[in-house]
Amino acid sequence: MNRNKSESLYKEALQYLPGGVDSPVRAFRSVGGFPIFMEKGKGSRVTDADGNEYIDYCMSWGPLILGHADDDVIAAVNETALSGTSFGTPHRYEVELAKLVTGAYDSIEKIRFVNSGTEATMSAIRLARGFTGRDRFVKFDGCYHGHADHLLVAAGSGLATFGTPDSAGVTEGNAKDTLVVPYNDIDALKSLLEKEGETVAAIIMEPVPCNYGLILPGENYLKEVRALCDKYGILLVFDEVITGFRLAAGGAQELFGVKPDLTTLGKVIGGGLPVGAYGGRADIMDKIAPDGPVYQAGTLSGNPLAMAAGIATVKKLLEGDIYAQLEKKVALMKEMLGKTFTAYEGRLLFASIGSIFAFCFSDLPAISSVDDIRKGDMEKYAAFHREMLSRGVYLAPSGYEVAFFSAQHSEADIIKTATAVSDSLKVVLG
Ligand code: PMP
């Protein structure tokens, strides 16, 4: 596969953009080689600058549940753009998308649109602090909530640790109110809250962690977290930037039957344009300016083009039976790879939920914690990624990332992908 144009674009990019990219994982550092510059996408396929076509499972890191360049999304964006791209005034599309989202989420009575998932989580924490009058919050080791200073804290595993910064430039002051516990370990959370519960404003979590491989919540875990929040008067914030409108229209909270106080959204609700949102109980949301004392604003927030793409996407998701179809696609892939997975038992794990899946090169029987993922072999993932790429399948360029099906992945795509997986594994695992 000739990728000369990508390579020369990357060389040029390195002169002007740090690392040649605008977001670090894109640089392919953890899988080796150079990033591929994409030119076009349609349905399940992307085409790079050299004209090579790939079946895409990165899907822009999750937003494109309808596939690339969905006809209705593109038509909505084009039509909206003809009337102007931004007004800095309210626009009826904000109300329309707000109605659609609040209709799909029992827990969301009011919503505020922002421009990214990072803004959404950062603002939700500020709101939780403003509402409760408490400073601290709890996050889980390995959960990613964007790059706001106080959220760039993962700390070590084991029992509750006070946060230490995860990035240069994040001060200890920024991190001191961030408490970190391991995910799926209810006892660790209990013992932290026994000591600190009355000082904690919020517990923020990806209900299904998707940023450190794929980790599924243990039975009743989310309900137990909810109960602890109620016990200590702590707000529960579900970060559904990935899982919202992805696992079900009503997100992980619908799937697991747990109602958070606040929810953060992004990705799918922007249909591939830059969007984030946070929403929840009206009495909490009413603390945001201009009604309340918690300040938060944005020049392009609720941008009409982004709202139009979001409305077109969400309407389709609410009308069709897309979620059932997506699950069938994952089931078909699992079925096709059944023999292959059996052959590599004890060396490879395949995890999935809804339309999200992940490969983990591990000898463990299952993954239930970040520590389990840490024991995985990322060198093997890197080799697997290269093999898949050479067979025309584009996976996210890091073993810590998940893969996404879209409504446009066809049976033919799945057959081709399953063959590529088997052939690639033969090279990587023998
Ligand atoms: N929360 C979660 C769960 C995410 O996966 C991400 C990004 N992948 C974010 C927040 C941050 O979103 P953004 O990249 O739009 O700032």
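The values are calculated or read from the model by the stated rules, or taken from the named source; none is laboratory data. Worth saying up front: this structure is predicted, and the values here are computed from it rather than measured. As a convention, Cβ positions derive from the backbone with ideal geometry for all residues, glycine included, and neighbour counts pool all protein chains shown. These accessible areas exclude ligands, DNA and RNA; they are computed on the full protein's heavy atoms, side chains included. Shrake-Rupley method; radii C 1.70, N 1.55, O 1.52, S 1.80 Å.
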Response to the item:
Within segment 248-274, restricting to residues that are open to solvent by 10 Å² or more (accessible area, probe 1.4 Å) and either within 13 Å of the ligand (Cβ to nearest atom) or of a type in the set (S, T, N, Q) (or both), the one that is farthest from Gly41 (Cα to Cα) is Gln253
Practice prompt. Exactly one condition in (1) under 18 Å from Phe28 (Cβ atoms); (2) open to solvent by 30 Å² or more (accessible area, probe 1.4 Å) is not met by Leu349; state its number.
Written response: (1)
Worksheet entry | Gly376 being in contact with a Cys (Cβ under 8 Å, 6 or more places away or on another chain) and of a type outside the set (D, E, K, R) | yes
Worksheet, complete the sentence: All-but-one check, Ile242 against (1) out of contact with any Ser or Thr (no Cβ under 9 Å at 6 or more places or on another chain); (2) open to solvent by 10 Å² or more (accessible area, probe 1.4 Å); (3) away from the ligand (no atom under 11 Å from the Cβ), failing number (3)
Worksheet item: Which one is most open to solvent (accessible area, probe 1.4 Å) among residues in segment 174-193 that are touching an Asp or Glu at 6+ places or on another chain (Cβ under 9 Å) and not in a loop (DSSP other than H, G, I, E, B)?
Response: Lys190
Item to complete: Name every residue in segment 229-253 that is in a loop (DSSP other than H, G, I, E, B) and small (Gly, Ala, Ser), in order of residue number.
Response: Gly233, Ala249, Gly250
Practice prompt. Would you mention how many residues in segment 146-175 are modelled with pLDDT of 90 or more and of a type in the set (Phe, Trp, Tyr)?
Written response: 0
Worksheet item: Of the conditions (1) outside any helix (DSSP H, G or I); (2) more than 18 Å from Leu425 (Cα to Cα); (3) touching an Asp or Glu at 6+ places or on another chain (Cβ under 7 Å), Leu364 fails just one. Which one is it?
Response: (2)
Practice prompt. Might you let me know whether segment 209-216 holds any residue that is surrounded by fewer than 24 Cβ atoms within 10 Å (Cβ to Cβ), more than 16 Å from the ligand (Cβ to nearest atom) and farther than 14 Å from Asp239 by Cβ?
Written response: no
Worksheet item: Only one residue in Pro18, Pro35 is closer than 20 Å to Met388 by Cβ and either modelled with pLDDT of 95 or more or not aliphatic (A, V, I, L, M) (or both), so which one is that?
Response: Pro35
Discussion item. For segment 1-99, give me every one of the strands (runs of 3 or more DSSP E) that falls completely inside it and has 3 or more residues that are in the same structural domain as Glu109 (by TED's automatic domain parsing) and either of a type in the set (Phe, Trp, Tyr) or touching a helix residue (DSSP H, G or I) at 6+ places or on another chain (Cβ under 9 Å) (or both).
Written reply: none
Fill in: The one condition in (1) away from the ligand (no atom under 16 Å from the Cβ); (2) aliphatic (A, V, I, L, M); (3) in the same structural domain as Glu206 (by TED's automatic domain parsing); (4) in a helix (DSSP H, G or I) that Ala297 fails to fulfil
(4)
